[in-house]
Amino acid sequence: MEANRKQAAKDWEINLTHRAAELKSGGYLVATVPTYTPGASYLRLLSWAYASWKSISNKLTEEEFRTFFIGIWHRSREELLAPMAEGSALHKTFEVVEARLDDITSPPWLMYQQDKDAGKLALNYANYCMAIGGGLLQDHLRRRPPAEIESIVKAFHAGVIAAAAADVQEIKMPIGLLVLKKL
């Protein structure tokens, strides 16, 4: 986990460095990024995905099961602001105009509040998981024949739907808003 944290910090700093090069002095960068708040309910999505991953383990080689990784890092407020901290690489490049973390109720939950369709809610949550990890999963299995890949990906998707349907609840997505002004 520590290696992932360090890589995420490096990637974030590189991204901001590139954006700084694109901006003129006085220009603004507005970024919305996935963030982390303790006890955040979006972690349920990960638990559903993991439950599905375990449920299809019989279709995977040991190495495939052990090495699959979705490289998304949900930053804390401190991690979001670290590149602009005093003494950091971009401290004299950007002024932090605004930095906040908000827990946003997921759109599927808002729809569920109106239609009470748990199956649709589970499908929407599973589709969100697939949007994040489906392509990565396909790439991870690239040595297999296309029909096998499709079968495994469908089984994974179905597993997430089943896990979400068995655990109907609101998911709040922590989103960070960062507004920077180029100095």
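For residue 21 and residue 136, what is the calculated FRET efficiency with R₀ set at 45 Å and r taken between the beta-carbons, to the nearest 0.05? For R0 = 45 Å, the calculated efficiency reads 0.95.
Taking other C-beta atoms within 10 angstrom as a stand-in for reagent exposure, 46, 16 fall in the order 46, 16, fewest first. Karplus-derived 3J(HN,Hα) values for the range 61-70, using 6.51 cos²θ - 1.76 cosθ + 1.60 with θ = phi - 60°, are 6, 4, 5, 4, 5, 6, 9, 6, 8, 9 Hz; glycine and proline are entered as x. When each of 179, 153, 30 is scored by the number of other beta-carbon atoms lying within 10 Å, the sequence from fewest to most is 30, 179, 153. Look at the alpha carbon pairs under 8 Å that are at least 6 residues apart: their mean separation over the length of the chain gives a relative contact order of 44 percent.
For the range 15-41, the residues whose backbone nitrogen is under 17 Å from a point 7 Å from the Cα of residue 100, taken along Cα to Cβ, are 30-37.
Look at the dipole of the chain built from charges on Cβ: of 84, 45, 73, the Cα furthest out on the positive end belongs to 84. When the trypsin sites (Lys or Arg not before Pro) in the range 2-61 are filtered for DSSP coil states and for at most 14 other beta-carbon atoms within 10 Å of their beta-carbon, the remaining sites are 24. Checking the a/c ratio against 1.5 first, then a/b against b/c, what shape does the Cα gyration tensor give for the range 28-183? Verdict is oblate for the range 28-183.
In this rough spin-label picture, where each label sits 7 Å from Cα along the Cβ direction, the residue 31-residue 114 distance is 3.4 nm. For residue 60, the shell of other residues with beta-carbons less than 15 Å away shows a net charge of +1, using +1 for Lys and Arg and -1 for Asp and Glu. As a proxy for reagent exposure, 93, 35, 17, 67 were ordered by neighbouring Cβ count within 10 angstrom, fewest first; the result is 67, 17, 93, 35.
Since every read-out is calculated from the coordinates, none of them should be taken as a lab result. Please read all numbers here as calculations on a predicted model, not as lab measurements. Ideal geometry is used to build each Cβ from the backbone, glycine not excepted, and the neighbour counts take in all protein chains shown.
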